[in-house]
1. It is to be established whether one or more residues within segment 484-499 are modelled with pLDDT under 90, over 20 Å from Leu197 (Cα atoms) and not charged (D, E, K, R).
2. Only one of Ile321, Ile362, Ile337 is part of a helix (DSSP H, G or I) and either crowded, with 22+ Cβ neighbours inside 10 Å or assigned by TED's automatic domain parsing to the domain that holds Leu273 (or both); which?
3. Tell me, yes or no, whether segment 422-437 has at least one residue that is among the aliphatic types (A, V, I, L, M), within 25 Å of the chain's Cα centre (by Cα) and outside the structural domain of Glu191 (by TED's automatic domain parsing).
4. Over 17 Å from Cys494 (Cα atoms) and open to solvent by less than 70 Å² (accessible area, probe 1.4 Å), is that true of Arg404?
5. Here's a check for you: in segment 401-446, which residue that is assigned to a loop (DSSP other than H, G, I, E, B) and hydrophobic (A, V, I, L, M, F, W, C) is nearest to Ile227 (Cα to Cα)?
6. Go through (1) assigned to a loop (DSSP other than H, G, I, E, B); (2) hydroxyl-bearing (Ser, Thr, Tyr); (3) closer than 25 Å to Thr320 by Cβ and name the single condition Thr240 misses.
7. Taking into account only those residues within segment 266-317 that are β-branched (Val, Ile, Thr) and out of contact with any Lys or Arg (no Cβ under 6 Å at 6 or more places or on another chain), which is farthest from Ser339 (Cα to Cα)?
8. Could you tell me which residue of segment 151-165 is most open to solvent (accessible area, probe 1.4 Å), considering only residues that are more than 15 Å from Arg86 (Cα to Cα) and out of contact with any Phe, Trp or Tyr (no Cβ under 7 Å at 6 or more places or on another chain)?
Amino acid sequence: MGMEAHPIEVEVDVTNGLPAFDMVGLPDAALREARIRVKSAIRNSFFQFPRTRVNVNLAPADIRKEGPSFDLPLALAILEANGQFRLGRDRSFQAAGELSLDGRLREVTGALSIAIGARQSKAAFLLLPRGNTGEAALVPDIPVYGVGNLREAVGFLEGSISLRPAESSRPDSVPVNDATCPDMAEVKGQEPARRALEVAAAGGHNMLMVGPPGSGKTMLARRLPGILPALSLEEALEVTRIHSVAGLVAPGGSLVTARPFRTPHNSISAVGLTGGGVPLPKPGEVSLAHGGVLYLDELTLFPRNALESLRGPLEDHQVTIVRSMVTVTYPSRFSMIASMNPCPCGYLGDPQHACACAPGDIQRYRSRLSGPLLDRVDIQVEVPRLTRRQLQERTAGESTSLVRARVTKARRLQEERLRGTGSFCNSGMTQALVERFCAVSPEGERFLGTAVERLGLSARSYQRVLKVARTIADLAESETIQLEHLAESVQYRCLERSVFTCGAR
């Protein structure tokens, strides 16, 4: 349920009566279909299915059960209740797995959460399909055994088959794999946007890029995961757990070591973006992007209700989904990178193409983004069309590894400064932390006051200007926020400055 695993006890009573297979304890429709799979798997594994009445209870009865994970414990309980095998190991074990009709075991989702739950409930060991053991073995202090079919599972529990616990594939640290990350050196020109991307990575800030088609917005966004610091081991485990719950860990896979990069299509619904579904809610894109990047291309084309649903996750870094019988919470600490055109046709201010949009069309296009949502975007930057000289430039820019080194150093400064506060980077600072760590000089106060008056900054935008300035100071290894840091931070509010021209002046 959500990120948590709840142990369910499978009780089986084989009694006299006409042949029947009844299941109680709030099973869903998919779980009721397990009767067919379990019956066929038992018979095709050369066991006898009881020819009398079989009653199954899934306790506790007030929790709704769904999915095929109950197939293996159901078959084992029926076989033991029918006297076809005698348990030779500690009865306090836990098991999960989906059965094929021929008795083979298929992988299930959420193996990492199941292993954590088994450890918390002090189970003797955990029995899983062999393809799930690499993932479940990441959890220490709980032996995990993998089996390939029902007959092997019975033999192991009887004691006639000896198996070794799966070896933990949990590394001491998470490496950075530059081979999977596009190189920043491939980006031509766009120095202001490259700098803004570095600032966004260093402070964990959200960023909006505004520019005409083909200016390189998507190219820049795809390079953000590469310049982010490597995942810590705790972050990697949490990312793996979310992907496991969503069924995105490949069979035989283990730890997710790359920062997620999610690019949902602009037709996605609010439920698909933030999570939900029935009967048990599943994680949405904002949770699958946890620890990484959520890239929203053509931001203004997303449904209005989907965009507004982002306001909570961007502010609280988690999603709470409430249903009539269950409430689940998924983490959603991610960097949102979005891109859009300056107008419906995309060529407002472009020196090479004339804009064909009427003023009313431009206003309606921009109004699709609400003020509260834009307030939560720390950095707003223009990405103009490249000039002929920039396109023909042969000199490569800075590589991803060089930019990542600066970003990692800035993140370490923030972690040391914010230790014990519950925040890990500048974008997550509360108002109290901003007042504590983002003090500016009297000259800077006067500059900010002028910016507030001229740009009409809201209180939230004012706080975000200070957070971005703190990140710029960290990149410069400056203890205090200087006037130039504030000036650069204010430049990253192009929407408030009403500069939506993408290079035209």
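The values are calculated or read from the model by the stated rules, or taken from the named source; none is laboratory data. Keep in mind that this is a model prediction, so the values were computed, not measured. Cβ placement follows ideal geometry from the backbone for every residue including glycine, while neighbour counts extend to all protein chains displayed. Quick note on the areas: whole protein, heavy atoms, side chains included, nothing else; ligands and nucleic acids left out. Shrake-Rupley method; radii C 1.70, N 1.55, O 1.52, S 1.80 Å.
1. Scanning segment 484-499, I find at least one residue that is modelled with pLDDT under 90, over 20 Å from Leu197 (Cα atoms) and not charged (D, E, K, R), so the answer is yes.
2. Ile362
3. Narrowing segment 422-437 to residues among the aliphatic types (A, V, I, L, M): 429, 432-434.
Okay, now just the ones that are also within 25 Å of the chain's Cα centre (by Cα), so 429.
Then drop every residue that is not outside the structural domain of Glu191 (by TED's automatic domain parsing), which leaves 429.
Yes - at least one qualifying residue is present in segment 422-437.
4. The answer is yes for Arg404.
5. Among those that are assigned to a loop (DSSP other than H, G, I, E, B) and hydrophobic (A, V, I, L, M, F, W, C), it is Cys425.
6. Failing condition for Thr240: (1).
7. Ranking the candidates gives Val278 first.
8. To start, the set of residues in segment 151-165 that are more than 15 Å from Arg86 (Cα to Cα) comprises 162-165.
When the remaining residues are screened for being out of contact with any Phe, Trp or Tyr (no Cβ under 7 Å at 6 or more places or on another chain), the result is 162, 164.
Details: Ser162: 108, Arg164: 195 Å².
Taking the candidates together, the pick is Arg164.
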